[in-house]
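What follows draws every value from the coordinates through simple rules; no lab data is involved. Please read these numbers as outputs of a predicted model, since none were measured by experiment. Note that we place each Cβ from the backbone using ideal geometry, even for glycine, and neighbour counts take in every protein chain shown.
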Amino acid sequence: MAGFRNGRGRDNRPPQQQPQQAPYGYNAAPPPYPRQQWQQPPQGQPYGQQGQAYEEPEYFGDPQNHQQHAAANNPGHTQMFSVDDPYGQAATYDAGAAPVPTGPRLPWQQLLTGIVVRPADTFLRMRDHAVWGPALIVTFLYGLLAIFGFDQTREEALNATISSMIPSVLTTAIGFVLGGLILGAVTHTLARQLGGDGSWQPTVGLSMLIMSITDAPRLVFALFLGGENGLVQVLGWATWLALGALLTVMVSRSHDLPWPKALGASAIQLVALLSLIKLGTL
């Protein structure tokens with residue numbers, strides 16, 4: 001019974017002291033915070049280096065990078081840096097920047113068919129190759145038949161004797177060859193004045209081939225229907241537009257020029273051929 005009187009028996013733990021509650025209307029005071037013990041640094045050691053010294057990060061490479069990095073981060077110093085452009089420098093147009101085509105000269109069969117089927121690739125491939133042989137032969141053959149493409153000259157040639165017709169036909173063919181050479185040289189000169197860098201031999205030779213090949217459909221129908229026929233006139237305008245397109249592409253590829261400048265370089269030749277062949281006014 002003595003154990004129950006002394007509070008023992010059920011729980012042998014010592015009684016806990018209950019905190020005293022503040023009277024009604026008063027707030028209890030917060031428990032005091034533990035005071036921090038500030039340790040005095042040893043004699044001669046500055047603050048911030050107690051116990052251990054904090055090491056700065058290691059900079060790999062040149063040992064002077066550490067000093068430069070520390071100086072650049074101080075007030076009054078500016079750190080130099082560079083930004084790498086992943087796209088490189090801005091691309092600007094420059095004549096001659098196009099890659100020079102490699103490979104042998106195209107045979108005359110592939111050259112003639114390529115002007116009609118693959119003009120851009122053919123002109124780029126032949127920009128550094130002279131084409132005098134095909135150009136002179138095709139233009140001369142075209143000039144032999146060109147005299148029969150006009151009504152008046154065809155009637156005169158058919159009514160004349162063979163002995164008198166041959167000189168006139170040969171003269172016309174030679175005239176077309178010389179005219180093609182002159183017009184091609186003018187186109188080349190204008191292209192160089194506008195910033196082109198192509199050679200004169202490919203430019204003149206290819207312009208002669210384009211002139212002869214594009215007018216071939218009109219000439220074939222004009223031999224049988226006459227130059228004043230409506231179908232022949234329509235073909236004349238269509239082939240003249242094709243002539244302008246091919247000349248523009250050729251000058252653009254041969255001289256590395258944008259198409260507006262290439263069209264400007266071909267303007268005189270286009271106007272001359274329109275007046276001489278398509279309209280028959282010269």
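Taking 8 Å as the Cα distance limit and 6 or more residues as the minimum spacing, I'd like the relative contact order of the stretch 159-272 as a percentage.
Contact order relative to length: 31 percent.
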- Asp121-Ile268 pseudo-label distance in nm [points 7 Å out on the Cα-to-Cβ vector]: 3.4 nm
- Here FRET efficiency (C-beta to C-beta, Leu276 to Ser199, R₀ 22 Å, nearest 0.05) is 0.25
- Calculate, in nm to one decimal, what Leu144 and Ser163 gain on full extension: separation in residues at 0.36 nm each, minus their alpha carbon distance. 5.3 nm
- Item | In Hz, Karplus ³J(HN,Hα) per residue of the stretch 105-119 (6.51, -1.76, 1.60; θ = phi - 60°; x = Gly, Pro) | 5, 6, x, 5, 5, 5, 5, 5, 6, x, 4, 8, 8, 10, x
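What does the charge add up to near Gln193, with Lys and Arg as +1, Asp and Glu as -1, over the other residues with Cβ less than 15 Å from its Cβ?
Details: positive: Arg192, Lys261; negative: Asp197, Asp256.
That sum, taken over residues with Cβ under 15 Å, equals 0.
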- Mean Cα-pair separation over length for the stretch 122-216, i.e. relative contact order, pairs under 8 Å, 6 or more apart, %: 44 percent
- Query: What ranking, highest mean first, results for peptides 261-272, 243-254 when packing means the other Cβ atoms within 10 Å averaged over each residue?
  - Reply: 243-254, 261-272
